[in-house]
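Reading through the C-alpha cells given below for one structure.
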C-alpha cells in the first residue's frame with residue numbers, strides 16, 4: 001500500500017517545485033504532471049507529485065491526518081469520536 005500526502009505548490013523551477021507539507025517545505029518532482037501552477041495542491045509520494053487535487057480535497061485530507069495524529073498521541077479521548 002502506498003501513501004501520498006497533499007501539498008501546496010509554493011514555487012516552481014523547471015520540473016521541480018517547493019511545496020508545503022504540514023508546515024515543512026519540501027522539494028518535489030513535477031515530471032509526472034502537466035500544467036501545475038503555484039497555489040495548486042498535489043499528492044506527493046516518494047518525492048514525486050502524482051496528481052493534482054482540489055483545495056477542498058487537500059484540506060479535508062489534511063484535517064483527517066491531523067485528527068488521526070491527535071488520536072494516536074492521546075490528545076483526543078475515545079468518546080470524542082462519537083460526538
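The values are calculated or read from the model by the stated rules, or taken from the named source; none is laboratory data. Everything quoted here is computed from the prediction, not taken from an experiment. Counting neighbours? That spans all protein chains shown, and the Cβs are built from the backbone with ideal geometry, glycine included.
Just a few scattered comments:
- Enumeration of residues in the stretch 14-24 that are in a strand (DSSP E or B) and exposed (fewer than 12 other Cβ atoms within 10 Å of the Cβ): 24
- Boolean, residue 37 is at pLDDT 90 or above and exposed (fewer than 10 other Cβ atoms within 10 Å of the Cβ): yes
- Counted residues, the stretch 1-44 - those being under 18 Å from residue 64 (Cα atoms) and in contact (Cβ under 8 Å) with a residue 24 or more places away in the chain: 12
- Residue that is under 15 Å from the mean Cα position of the chain (by Cα) and either at pLDDT 90 or above or surrounded by 14 or more Cβ atoms within 10 Å (Cβ to Cβ) (or both), where the choices are 11, 58: 58
- Members of the stretch 59-71 that are closer than 19 Å to residue 4 by Cα and out of contact with any strand residue (DSSP E or B) (no Cβ under 7 Å at 6 or more places or on another chain): 59, 60, 63, 64, 65, 66, 67, 68, 69
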